[in-house]
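Undergrad: Dropping a structure here in structure tokens format, bear with me for questions.
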Amino acid sequence: MDPKHPKSIGDHELRPESLMMSYGYRPEWSEGAVKPPIFQTSTFVFRSAEEGKDFFALAYGLREKHPGEKLGLIYSRLNNPGLEILEDRLTLWDEAEACAAFESGMAAISTTVFTFVRPGETIVFSEPIYGGTEHLFHSLLPEFGIRTVCFNAADGVEGLEAVLEREGCADSVRMIYLETPANPTNALVDIEACSDVARRLSTDERRVLVAVDNTFLGPLWQHPLKLGADLVLYSLTKFVGGHSDVIAGAALGREDLIAAIKGTRTFFGSMAGPWTSWLLLRSLETLKLRMTSQMKNARYVADYLADHPKVERVYYLGHLTESDPGFEIYRKQCLSPGSMISFEVAGGEAEAFRLLNALQMVKLAVSLGGTESLAEHPATMTHSDVPPESQARMGITPALVRLSIGVEHPEDIIADLEQALAQV
């Protein structure tokens, strides 16, 4: 056990929510400050020229890293104390070997993709998917000679197998990219089954990686690495940041994979900065409290919506039954239904807009996972660049509204929805 990073008291293993208060930091490093300060500096002083030479030799791969060795502080584009503490703490919930933090979720996704996928290779991904990722995959990657093919999340691993055969791309696949639960329909994809497919497609020359965007359930309610995924990705803006005041992202996984991502990050310049790191360290301390409150609130709201005569359908993991295709997947890989709900109002876009315009406490805004409840219209907002025929295939209808449930009193959230639904 590294004395700088104690994870137990005697034989008692500390839980992640306890380690969020201190892991990776010692007060004596900063004049006894109980919390890490903001390390607002661009560069760091070497104790000697020899030390500077040694640090750069490691940073640029001119020598091998010693067991347990970390890169010495050089320049904040490479590393920063706040960034390192943040990355250490982010590994705890997912039990990952290493983490790379970024200035946005899209920075984490794009840096990860460009680290491992080359022209002539293929990414296979599930849909629906976050709108920014959708645009990256459909519009930008093909310009770099990277082929992208997709399958419907609702079709599961059978859909993945079918698209591999139909597109004839099994020999060129480099990455299987999943977003589960899917945004905004909460459709589930079997991570373990897709990981098995990836291992079968892998060769000695080309290992097929499985990357999972775990933003919707966050690091508390689903652990993709334990289900066979190679990489887990987050928009830390969402539940981890959780206060709608910071943009950030992360990639977690095996140490060698994250080292490669950090190498790309160094030259893309997409690492999280000192203020971002500090804000996230603050937020991590209350992550379990907030996500637990949001999860409990969501159950009340989803039950209310399911019984409302003006609501046609509710997409909520907590309502899955044994007859639902995703039920067994949910039981296998999710620890909670989370706090994301989508629902279809009776009617179409006009009725959905009436509801959204009538909300008084719930904010009409995109994003999710903040302390405040948010509502948005996926078809014309977060997923507006998805063609209408593709939206229909994914289940994104004009009547669909997405809710991110916050930490307000659940009866107050329901009261706001009730008066807004009265306008429909």
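Undergrad: What percent do you get for the relative contact order of the chain when only Cα pairs under 8 Å and 6+ apart count?
TA: It rounds to 16 percent for the chain.
Undergrad: With a cap of 16 neighbouring Cβ atoms within 10 Å, and only residues DSSP puts in a loop, list the trypsin sites (Lys or Arg not before Pro) found in segment 165-244.
TA: ARG206, ARG207
Undergrad: Tell me, what is the percent relative contact order of segment 104-148, built from C-alpha pairs under 8 Å that lie six or more residues apart?
TA: Over segment 104-148, the number comes to 49 percent.
Undergrad: About the Cα centre of segment 265-424, how large is the charge dipole given +1 on each Lys and Arg Cβ and -1 on each Asp and Glu Cβ? Please answer in debye to the nearest 20.
TA: 660 debye
Undergrad: Another one. In segment 362-382, whose amide N lies under 14 Å from the spot 7 Å out along Cα-to-Cβ of GLN423? List them in ranges.
TA: In segment 362-382, the label zone of GLN423 (backbone N under 14 Å from the point 7 Å along Cα→Cβ) covers 362-365, 375-377.
Undergrad: Hey, fewest Cβ within 10 Å first, where do ILE85, ILE176 land in order?
TA: Taking fewest neighbouring Cβ atoms as first place, the list is ILE85, ILE176.
Undergrad: What FRET efficiency do you get for LEU140 and ALA170 if R0 is 25 Å and r is their Cβ-Cβ distance, rounded to the nearest 0.05?
TA: With R0 = 25 Å, the Cβ-Cβ based efficiency is 0.60.
Undergrad: Calculate the length of the line joining the C-alpha centroid of segment 282-310 to that of segment 131-204, in whole Å.
TA: 30 Å
Undergrad: Okay, moving on. Out of HIS377, GLN391, PRO325, whose Cα points farthest toward the positive end of the dipole of segment 287-421 (charges: +1 Lys, Arg; -1 Asp, Glu; placed on Cβ)?
TA: Among HIS377, GLN391, PRO325, the one farthest towards the positive end of the dipole of segment 287-421 is PRO325.
Undergrad: Still on this model: How high is the relative contact order of segment 1-87, given as a whole-number percent (alpha carbon pairs under 8 Å, six or more residues apart)?
TA: Over segment 1-87, the number comes to 26 percent.
Undergrad: Further, regarding this structure: Quick one: work out the % antiparallel among DSSP beta bridges in segment 76-284, nearest 5.
TA: So the antiparallel bridges amount to about 40 percent of the total.
Undergrad: Continuing with this model, one more query. As a check on your grasp of the helix formula, calculate [θ] at 222 nm for the chain: sum -39500 (n - 2.57) over DSSP H runs of n ≥ 4, divide by the residue count, round to the nearest 500.
TA: Values: 15 runs with 154 residues, N = 424.
It comes out at -11000 deg cm²/dmol, rounded to the nearest 500.
Undergrad: Can you give me the Kirkwood hydrodynamic radius for segment 287-421, using every pair of distinct Cα atoms, in Å to one decimal?
TA: 15.2 Å
Undergrad: Take the alpha-carbon centre of segment 70-118, take the same for segment 10-40, and report the distance between them in whole Å.
TA: First find each Cα centre; the distance between them is then 19 Å.
Undergrad: Right, next: Tabulate in residue order the Karplus-calculated ³J(HN,Hα) for segment 367-383, using 6.51 cos²θ - 1.76 cosθ + 1.60 with θ = phi - 60°, rounded to whole Hz; enter x for Gly and Pro.
TA: Per residue, the Karplus-derived 3J(HN,Hα) values read 6, 6, x, x, 5, 8, 6, 10, 9, 8, 10, x, 4, 10, 10, 5, 10 Hz.
Undergrad: Strictly greater than 20 Å: what percent of every Cα pair in segment 76-284 meets that?
TA: Of all Cα-Cα pairs in segment 76-284, 53 percent lie more than 20 Å apart.
Undergrad: Full-extension gain between GLU322 and TYR60, please, as 0.36 nm times their residue separation minus the C-alpha to C-alpha distance.
TA: 89.0 nm
Each reported figure results from applying straightforward, stated rules to the coordinates on display, with no laboratory input. In this text, all values refer to a predicted model and were calculated from it rather than measured experimentally. Here the Cβ is made from the backbone with ideal geometry for all residues, glycine too, and neighbour counts use every protein chain on show.
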